[in-house]
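Asker: Just passing along the structure, written as structure tokens.
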Amino acid sequence: MRRNPGERGHNPDLRSPSCSIRATAVRVCVTSVNNQNLSQRDQAVIWHPCTQMKDHEVLPVIPIRRGHGVWLEDFDGKRYLDAISSWWVNLFGHANPYINAAVRGQLETLEHVLLAGFTHEPAVCLAERLLSLAPVGLTRCFYADNGSSAIEVALKMSFHYWLNAGQARKTRFVTLANSYHGETLGALAVGDVDLYKKTYAPLLMTAITAPSPDCYNLERGESWAEHSTRKFLEMESILAEHADEVCAVIVEPLVQCAGSMRMYDPVYLTRLREACDRYGVHLIADEIAVGFGRTGTLFACEQAGITPDFLCLSKGITGGYLPLSAVLTRDRIYQAFYGDYTAQKAFLHSHSYTGNALACTAGLATLDLFEKDDVLKRNRVLSGVMAEATKSFSDHPHVAEVRQTGMILAIEMVKDKLTREPYDWRERRGLTVYRHGLERGVLLRPLGNVVYFMPPYVITPEEIGFMAEVAFEGIQRATAH
Ligand SMILES: *Cc1c(COP(=O)(O)O)cnc(C)c1O
């Protein structure tokens, strides 16, 4: 339906004096933009993600003018070190010259073409390269355009595989307590973070939830490996009981990122892989956050020496440039969908921007950077620097634990160090750390009472020092009374 052009901007309050949309469709800004006027205009029109908008009455959004490396700069010239890689997507810094050049080059030839019936070079190259880097046995790449969609794809593919294989009873999924897989309804259903899930419970399929192997609550003297192995026993009995109705187990390998950066031992994944095979259940590895070098290896599954049946990738896949996701799977699964059209076995799932050419190009440039610079080796050094910079944090009277897996380091603030009684969430202690960080020029965005670092891999040791110093001050301030 076409709208009458006169209708545009019928609400005069929404028309900004500084911007006008001319016939040339070029946005022309005539008055100077600063933090204050842009955040006011934002507040009039934008509904932000993961935000109680009323908070912005006291804490305005920060308009970013440009980025460079780990730094973001606002319209008043203030700089912020992006300690969380802009929601875990950025790997090689903002406005990375190499990725910029690659995307710019692609822009001149092809921006996008539908991926049904057509293809393009960046999509083919990226699939080839991802499959060659991924754990052995993954031979097919299905593209989508964001992380949650990749999860939907994996869930549907797993269910549909069993259906095509004549096992229509398999309709359920097993998930881990405290897991997070995205926020579309299917992804939410297999997640377990109340904050995002509880409200929508009436809309969701019910998953079977196994205890998390996370190692925050170790018994005295227990190692991570012992703890995770012990936790596996309950997963084993769930599989023993439910295997005939279960399509797949879905996990975030090694780190439950949105679930407060809780971490566990690779042995759990090794045991889980073996059990899934034994019980005839798929294993879905959601490496959307932990893939691409975050945990010390290119993919976290490598540390357990396993190949999942579905490997979900997004976030860092484009170096943080453009939305893209991929689900890598096995030939056996692909073959179960392959046949005459009239057999009606095909996987008819699609998203408009699936395999977008610019996004795939950013993905290829990102993989180039991994190869050119021996990133994993440098990350081992940087991880050591992060550990060193936070060495004394665990002595703090309100820090229960400092934990780390590769380029993810998390600090858990508690009310009572001995009993580990958490702070009441209503006190919003993490928000105090956030605000302190912004004042000092570091973008930290704690998950509740957990302050964490997940910086771009181009961060320097000096910048890590600064990030840690500001985080510590923030923790002091947040726990002062
Ligand atoms: C971010 C995330 C998702 C969802 O990805 P979106 O692109 O935000 O939809 C899924 N799983 C994990 C582990 C994530 O961290």
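The values are calculated or read from the model by the stated rules, or taken from the named source; none is laboratory data. Since this is a predicted model, take the numbers as computed values, not measurements. Neighbour counts run over all protein chains shown; Cβ positions are idealised from the backbone, glycine included. Heavy atoms of the whole protein, side chains included, go into the accessibility calculation; ligands, DNA and RNA do not. Shrake-Rupley method; radii C 1.70, N 1.55, O 1.52, S 1.80 Å.
Asker: Within 14 Å, Cβ to Cβ, of residue 146, how many net charges do the neighbouring residues add up to if Lys/Arg are +1 and Asp/Glu are -1?
Answerer: Net local charge, residue 146 excluded: -3.
Asker: Sort the following peptides by mean Cβ neighbour count (other Cβ atoms within 10 Å, averaged over residues), highest first: 251-261, 196-206.
Answerer: 251-261, 196-206
Asker: Relative contact order for the range 319-409: what is it in percent, counting Cα pairs under 8 Å that are at least 6 residues apart?
Answerer: 24 percent
Asker: Here is a follow-up. Take the cross-link list 231/372; 78/415; 198/345; 156/231 and give me the ones stretching past 31 Å between alpha-carbons.
Answerer: Among 231/372; 78/415; 198/345; 156/231, the Cα-Cα distance tops 31 Å for 231/372; 78/415; 198/345.
Asker: Compute the Kirkwood hydrodynamic radius of the range 250-363, taking the inverse of the mean of 1/r over all pairs of distinct Cα atoms, and give it in Å to one decimal.
Answerer: 15.6 Å
Asker: What distance in nm separates the two pseudo spin-label positions at residue 68 and residue 376, each 7 Å out from Cα along the beta-carbon direction?
Answerer: Here the modelled spin labels are 3.3 nm apart.
Asker: log₁₀ I(q)/I(0) of the chain at q = 0.09, 0.11, 0.13 Å⁻¹, via Debye over equal Cα point scatterers, no solvent, to two decimals?
Answerer: Results for the chain at q = 0.09, 0.11, 0.13 Å⁻¹ read -0.66, -1.00, -1.36.
Asker: Computed FRET efficiency, Cβ-Cβ of residue 342 and residue 168, R0 22 Å: what is it to the nearest 0.05?
Answerer: 0.65
Asker: Taking a spot 7 Å from the Cα of residue 57 along the direction of its beta carbon, which residues of the range 411-447 have an amide N less than 20 Å from it?
Answerer: 426-429, 431-432, 435
Asker: Label points 7 Å out from Cα along the Cβ direction at residue 462 and residue 33: separation in nm?
Answerer: Distance between label points: 3.0 nm.
Asker: Now for a different question. List the lysines whose alpha-carbon lies under 22 Å from that of residue 377, not counting same-chain residues fewer than 8 positions away?
Answerer: Once the sequence-local lysines are set aside, what remains near residue 377 is 315, 391.
Asker: Of all accessible surface on the chain at a 1.4 Å probe, what whole percent is carbon and sulfur?
Answerer: 55 percent
Asker: Add +1 for every Lys or Arg and -1 for every Asp or Glu among the other residues with Cβ under 12 Å from the Cβ of residue 276, and state the total.
Answerer: Result for the neighbourhood of residue 276: -1.
Asker: Can you give the accessible area per residue of the range 58-181, in Å², using a 1.4 Å probe?
Answerer: I get 46 Å² per residue for the range 58-181.
Asker: Solvent-accessible area per residue for the range 416-481 at a 1.4 Å probe radius, Å²?
Answerer: Here the residues of the range 416-481 average 48 Å² of exposed surface.
Asker: Could you order the peptides 376-388, 299-311 from most to least packed, using the average number of other C-beta atoms within 10 Å per residue?
Answerer: In decreasing order of mean packing, 376-388, 299-311 become 299-311, 376-388.
Asker: With every protein chain in place, what's the accessible area of residue 392 (1.4 Å probe, Å², nearest 10)?
Answerer: 70 Å²
Asker: Using the Cβ atoms and a cut-off under 13 Å, what net charge is assigned to the surroundings of residue 184, where Lys and Arg are +1 and Asp and Glu are -1?
Answerer: -1
Asker: Sorted by packing (mean other beta-carbon atoms within 10 Å per residue), highest first, where do 428-438, 400-410, 234-244 land?
Answerer: Result, highest mean Cβ count within 10 Å first: 400-410, 428-438, 234-244.
Asker: Projected onto the charge dipole of the range 101-372 (+1 at Lys/Arg Cβ, -1 at Asp/Glu Cβ, origin at the Cα centre), which of 113, 308, 275 gives the Cα projection farthest towards the positive end?
Answerer: 113
Asker: While we're on this one: Hey, if we sort 317, 46 by accessible area with the 1.4 Å probe, largest down, what's the order?
Answerer: Largest accessible area first, the residues go 46, 317.
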